[in-house]
């Protein structure tokens, strides 16, 4: 049985293209609905010698954030002050709008979080330094990782899963 006549062979590629375009537009629409990150000020506490922290700062600035880098020799005291448990730690800690962001979190995920303004949480964390996360680019390598939401009671849950560069899967509340 023929699915498409010779005169309608253009139809299948057109439908596939349309589906891909709609999917791509909905991803962009979801980001656009979050709002602008322009003029959001964020303080980043980091070591003066950390190159990946500087790359993450570049990522944030390219995404519209106004970043103030605060070089410190003792980051453990900063993490303790803002409620970051040792198992949530990474190389830098960022603060904005009364929330804390630990590690290499993509700017789009921070924008969505700030738009939602969740209560009873201190912020988000990407523990460690996953390859392929913003600031941790390593050629073509990209490890999947979770962005964890940290509650005020110290418990955590997965806020988003990053499967590959720029592909986020948000957990429904």
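Computed from the coordinates by the stated procedures, all read-outs in this text should not be read as laboratory data. Values in this document were obtained by computation on a predicted structure and should not be read as measured data. Here the Cβ positions follow ideal geometry from the backbone for every residue, glycine too, while neighbour counts run over all protein chains shown.
Within region 36-170, antiparallel bridges make up roughly 70 percent of the DSSP beta bridges whose residues both belong there. Within region 101-139, find all residues whose amide N lies under 20 Å from a label point positioned 7 Å from the Cα of residue 47 along Cα-to-beta-carbon. Residues 101-105, 126-138 qualify, since their backbone N sits under 20 Å from the label point.
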